[in-house]
Amino acid sequence: AHVTFCTRQDAELLESMGFLVRHGHQFHWHNRHYENFEGFLAALTSRKRKSIRRERQKVAEMGIKVRALTGADIKPHHWDDFHRFYVDTYDRKWGYPYLTRAFFDLLHETMVGDVVLMMAERDGRNIAGALNLRGGDALFGRNWGCDQDFKFLHFEACYYSAIDFAIEHGLKRVEAGTQGPHKVHRGYEPVHTYSAHWIKEANFREAVDQFLRQERQLKDEEINDFKDFSPYRTE
């Protein structure tokens, strides 16, 4: 039995019931009551603030505009474009694009009100997109795709535009998922995640338990190392 993405309190309770708890980490941006993106930048060190402004400016200088589409603003042709970006990105990464075009139709039919689709446009055509799902107080980044390589566009569509949207709509955080220490430099902070696992067979359970104890120590050390690269100013 597996309980994934439980809270720390749930993990502690399940552990007391005999579950094995695994520690992981993701990168989240936290909204500290910023009024706008500039307010967020003001919380960063001067060097990081200038770096982010420069990256956003470079994207703008290429004639690229990123729009956040939600609800009725999302049309079938947007899903056509996004699916093309998604498949092309997986092809270039030697991965398998497991989400079909029909999946996005189903997503649209059942929960389009919870979708935030960042679409990047240049010279009148869509060139990239980032799929997010909106929860009660958070924006969850899921998939990204682009049919060409544009420097810094990934950061703009996936990270900075998500922050803009969260601030505008009063969301408490943006969850950008796992992987990518580069997210730390752009205001996303490492946070612990937890999952709990029940394994009946004693020998297998013991082996997994030993591995998780070793991994937990490494994860704690890794998160502490990430914190050393925080872009936020210290008083």
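Looking at the stretch 1-121, the pairs of alpha carbons with a distance over 24 Å make up 59% of the total.
In this structure the amide hydrogen of Val116, modeled in the peptide plane, comes within under 5 Å of the amide hydrogens of Asn132, Leu133, Arg134, none closer than 5 places in sequence on its chain. Electrostatic tally near Phe152: other residues with Cβ closer than 13 Å to its Cβ, Lys and Arg +1, Asp and Glu -1, net +2.
Using a 7 Å offset from Cα along Cα-Cβ at Arg205, what residues in the stretch 1-43 end up with backbone N under 14 Å from the label point? Residues 1-2, 15-21 qualify, since their backbone N sits under 14 Å from the label point. Using the 1.4 Å probe convention, the accessible area of the stretch 109-210 works out to 47 Å² per residue with neighbouring protein chains retained. Using the Karplus relation 6.51 cos²θ - 1.76 cosθ + 1.60 with θ = phi - 60°, the per-residue 3J(HN,Hα) values for the stretch 137-145 come to 9, 8, 10, 10, x, 10, 10, 9, x Hz, with x marking Gly and Pro. At a temperature of 20 °C and a viscosity of 1.002 mPa s, determine how fast the stretch 81-233 diffuses translationally according to Stokes-Einstein, using the Kirkwood radius over alpha-carbon pairs as Rh; express D in µm²/s, rounded to the nearest whole number. The Stokes-Einstein estimate is 119 µm²/s. 3J(HN,Hα) along the stretch 36-41: 6, 5, 5, x, 5, 4 Hz, from the Karplus curve 6.51 cos²θ - 1.76 cosθ + 1.60 with θ = phi - 60°, whole Hz, x for Gly and Pro.
Figure legend: label point modelled 7 angstrom from the Cα of Ala43 along Cα→Cβ; residues of the stretch 176-207 with amide N under 19 Å from it are 176-177, 182-192. All Cα-Cα distances of the stretch 147-235, cut into 5 Å bins from zero to the largest, leave 2, 10, 16, 16, 15, 12, 10, 8, 6, 3, 0 percent in each bin in turn. For the stretch 1-155, the tally of Lys pairs with Cα-Cα distances below 21 Å comes to 9, considering only residues 8 or more apart or on different chains. Longest stretch of the chain clear of exposed loop sites (trypsin sites (Lys or Arg not before Pro), DSSP loop, at most 16 other Cβ atoms within 10 Å, sites excluded): 33-92.
Helical content alone sets the calculated 222 nm signal of the chain at -12500 deg cm²/dmol, taking -39,500 (n - 2.57) per DSSP H segment of four or more residues and averaging over every residue.
The values are calculated or read from the model by the stated rules, or taken from the named source; none is laboratory data. Here the structure is a predicted model, which means the values were calculated and not measured. Every residue, glycine as well, gets a Cβ built from its backbone with ideal geometry; the counts of neighbours run over all protein chains shown. We work out accessible area using only protein heavy atoms, side chains counted, and drop any ligands, DNA or RNA first. Shrake-Rupley method; radii C 1.70, N 1.55, O 1.52, S 1.80 Å.
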